[in-house]
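Asker: Below you'll find the structure I mean.
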Amino acid sequence: MEELLKRYVKHLELERSISPLTVRNYTSDIQGFLDFLGNNGVDSLDKVNRSTMRLYLGWLHEKGIARASISRKLSALRSFYRYLARENLVEAEPLLTLSSPKLEKRLPTFLTHEEVARLIEAPDASTPQGLRDRAILELLYAAGLRVSEIVALDLKDIDLGSRQIVVWGKGSKERMVLMGRPAAEALKLYLDLGRIKLEGKAYTQALLLNRFGERIAERRIQHLIKKYAQQAGLEMRVFPHIMRHTFATHLLDGGADLRVVQDLLGHARLSSTQIYTHVTLSQIRRKYLAAHPRSSTRKGE
């Protein structure tokens, strides 16, 4: 079973161009399933059936695993079994008739305009790393990029003149995104004053570099954003995807067309983008209740 997992991981890395973070998550989820099978005397993936999967789901629930995490684990296992079936490495797919747990619909969290400004201004722009970090924060907010997309950017993907960026998104799909003047100016300062010092003699085409002159890692960006959020005094837990949520929410609040936001985000389905309309509607409701003199339902008001 371990050998089959190794073959699947190579398939993800070489043939499907999956991001390193996704590969790591899939590997962890499937390895956990294999460990469960081993602990329960199941020594072959062909021996897994519907009853085995129900036992696995029950075990996950007993451990207190959240529904969203269970759903992600089942998604990883479905993908794993589809690959094995296609390669004729198993005879049946035990997850075909197994449904994922229903998830609670949660609205994405996002930052206010003032909170975004405080976050972006947190890095020390007098250092090469600070210039880089300011550029990262500006780009995440200005272009709504996924952290995997911003890490993968090369110098050739950036056009400061037209303020456009070529991005390779999920499934190796190319799209064009835009950035505003503040992001372009922050990026130019980083390229002129910061990157050249970080690069040293490395001579790489990667846009964003670490202190060793190598392409910066996704986890490093996650750590930096958490650090700057604390410095900026933000109360909520901030991670890279919140910047993407904020980008979409602020665009729709500003009157942008839903289809345009879908294209900028690189969403394959419009339904993935429509959740942000619920966010903006809830904002409208709050503003209405706070501002309209006859909006309150309490007696005496």
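Asker: Hey, rough spin-label estimate for residue 267 and residue 59, points 7 angstrom out along Cα→Cβ, what's it come to in nanometres?
Answerer: For residue 267 paired with residue 59, the spin-label model returns 3.6 nm.
Asker: Modelled label-to-label distance, residue 193 and residue 36, 7 Å Cα→beta-carbon offset: nm?
Answerer: Calculated label separation equals 5.3 nm.
Asker: Mind checking the full-extension length gain between residue 178 and residue 1? Use 0.36 nm per residue of separation minus the Cα-Cα distance, one decimal, nm.
Answerer: Length gained between residue 178 and residue 1: 59.2 nm.
Asker: Rounded, prolate or oblate, given the Cα gyration tensor of the range 20-65, with a/c below 1.5 counting as rounded?
Answerer: oblate
Asker: May I ask you to list the GluC sites (Glu not before Pro) in the range 175-216 that are in a DSSP loop and have at most 16 other Cβ atoms within 10 Å of their Cβ?
Answerer: Here the GluC sites (Glu not before Pro) that fit, given the DSSP loop and packing criteria, are 214.
Asker: Going by a ≥ b ≥ c, the root eigenvalues of the Cα gyration tensor, does the range 1-77 fall in the rounded group (a/c under 1.5), the prolate group (a/b larger than b/c) or the oblate group?
Answerer: oblate
Asker: Once you list every other residue whose beta carbon is under 10 Å from the beta carbon of residue 244, what net charge do they have if Lys and Arg are +1 and Asp and Glu are -1?
Answerer: Within the 10 Å Cβ shell, the charges total 0.
Asker: A further question follows. For the cross-link pairs 63/226; 47/173; 63/170; 170/226; 10/73, which exceed 30 Å when the distance is taken from alpha carbon to alpha carbon?
Answerer: From 63/226; 47/173; 63/170; 170/226; 10/73, over 30 Å: 47/173; 63/170.
None of the figures in this text is laboratory data; all of them are computed from the coordinates on show. Only a predicted model underlies this, so the values are computations on that prediction, with no experimental measurement involved. No Cβ is skipped: glycine too gets one built from the backbone with ideal geometry, and neighbour counts run over all protein chains shown.
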